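Single-structure report; data block below.
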Amino acid sequence: METEDCALCGAPIEYLTGFRELTCESCGRREPAHAVCSKGHYLCDSCHGAGIRKTIMDMALMTLEKDPFKTAEAMFSQPGLPMLGCEHACIAAGAFLSAVKNDGRIKISNKQLHEAFQRLSRQAAGGYCGLTGVCGILPALGACVSILYGSRCGKDIEQRLTMEAVTRVSSEIVKLTGPSCCKAYALAGLGVAVDFLKDASGVALPVQNRIVKCLWSARHPHGCRLDKCPYFDLASYRPAAGNPPHSVGLC
Ligand SMILES: [Zn+2]
Ligand SMILES: [Zn+2]
């Protein structure tokens, strides 16, 4: 069973164009939902990926790495990480803010890392990139920038900086659409955040390679964009048997 499928029974996930009131199989919460297992199982966002989100948080708190792309790559390699999903918003925020913390020129505490995760949890909702145009990586990196510069409602330049950063991330991510890929969006968003930090504060994080080789292309449930994606790595691409690669341009 792949992590792209229903976590309970392994059946494919169906994406709805209109919400349906469903009950979470795990916690019993009843809420409007836009994605459901083809056999009817539903897991709310909190229960879906709760374990892997804690792993990502723990990694962000404990790593000593100053290169956010290396941290992101290590997080991508964790077993149990879905191919797609707002766990990647946690990765973008965790990799970026932990790198800033470890760099040390701007003081970031573990409490502020927790704060970033709490903030992004309010706006990073699975599947909403397609439903509202707001990918969860935007509020994730917005939360990081707002923490770095002390933005909140009613602030002046601090809020402008935060919204400017989010706008730049969105402008970069939109170039990678068709279909969406949370891994590509997270890496592109990280690149924007690194550049923004340098522009706004003069802090250049030590990045060795921002074009991380994607080892997960064959798992993409909607079809990897293959060589249209800057992170695609033909050498490691192993399409599953009976699942031929999608033609470029037809994804
Ligand atoms: Zn199921
Ligand atoms: Zn639940």
Fill in the blank from the handout: Pairs returned, first residue in region 91-107 that is within 22 Å of G136 (Cβ to Cβ), second residue that is in a helix (DSSP H, G or I) and polar (S, T, N, Q), beta-carbon separation under 7 angstrom, 6 or more apart or interchain, are A95/T71; S98/T71; A99/T71
Completion exercise
The lone condition Y42 fails out of (1) away from ligand 2 (no atom under 16 Å from the Cβ); (2) part of a loop (DSSP other than H, G, I, E, B); (3) among the aromatic types (F, W, Y) is (1)
Exercise for the section: Please give the helices (runs of 4 or more DSSP H) falling wholly within region 102-180 in which 3 or more residues are of a type in the set (D, E). Expected result: 157-173
Fill in the blank from the handout: Of those in region 86-124 that are surrounded by fewer than 23 Cβ atoms within 10 Å (Cβ to Cβ) and small (G, A, S), the residue farthest from the chain's Cα centre (by Cα) is G104
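Please verify whether A7 is crowded, with 16+ Cβ neighbours inside 10 Å, within 16 Å of ligand 1 (Cβ to nearest atom), of a type outside the set (S, T, Y) and not assigned by TED's automatic domain parsing to the domain that holds V145, treating the condition exactly as stated. Steps first, answer last, please.
On the way: crowded, with 16+ Cβ neighbours inside 10 Å: yes; within 16 Å of ligand 1 (Cβ to nearest atom): yes; of a type outside the set (S, T, Y): yes; not assigned by TED's automatic domain parsing to the domain that holds V145: yes.
Criteria met by A7.
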Handout entry: Residue under evaluation A95, criteria (1) closer than 24 Å to V207 by Cα; (2) within 16 Å of ligand 1 (Cβ to nearest atom), criterion not met
Key = (2)
Practice task
Could you check, for region 125-141, whether at least one of its residues is closer than 30 Å to L16 by Cα, touching a His at 6+ places or on another chain (Cβ under 7 Å) and surrounded by fewer than 18 Cβ atoms within 10 Å (Cβ to Cβ)?
Solution key: yes
Problem - Residues of region 1-39 that turn out to be among the basic types (K, R) and assigned to a strand (DSSP E or B), as a count - result: 2
Completion exercise
Selection from region 63-84 of residues closer than 16 Å to A50 by Cα and either touching a residue at least 60 places away in the same chain (Cβ under 8 Å) or not in a helix (DSSP H, G or I) (or both) yields F76, Q78, P79, G80, L81, P82, M83, L84
Exercise for the section: Name the residue, out of M75, M59, M83, that is over 30 Å from G202 (Cβ atoms), more than 15 Å from ligand 2 (Cβ to nearest atom) and buried (at least 18 other Cβ atoms within 10 Å of the Cβ). Expected result: M83
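The values are calculated or read from the model by the stated rules, or taken from the named source; none is laboratory data. Everything numeric in this text was worked out from a predicted model, so none of it was measured. So basically every Cβ, Gly included, is an ideal-geometry build from the backbone, and we count neighbours across all protein chains shown.
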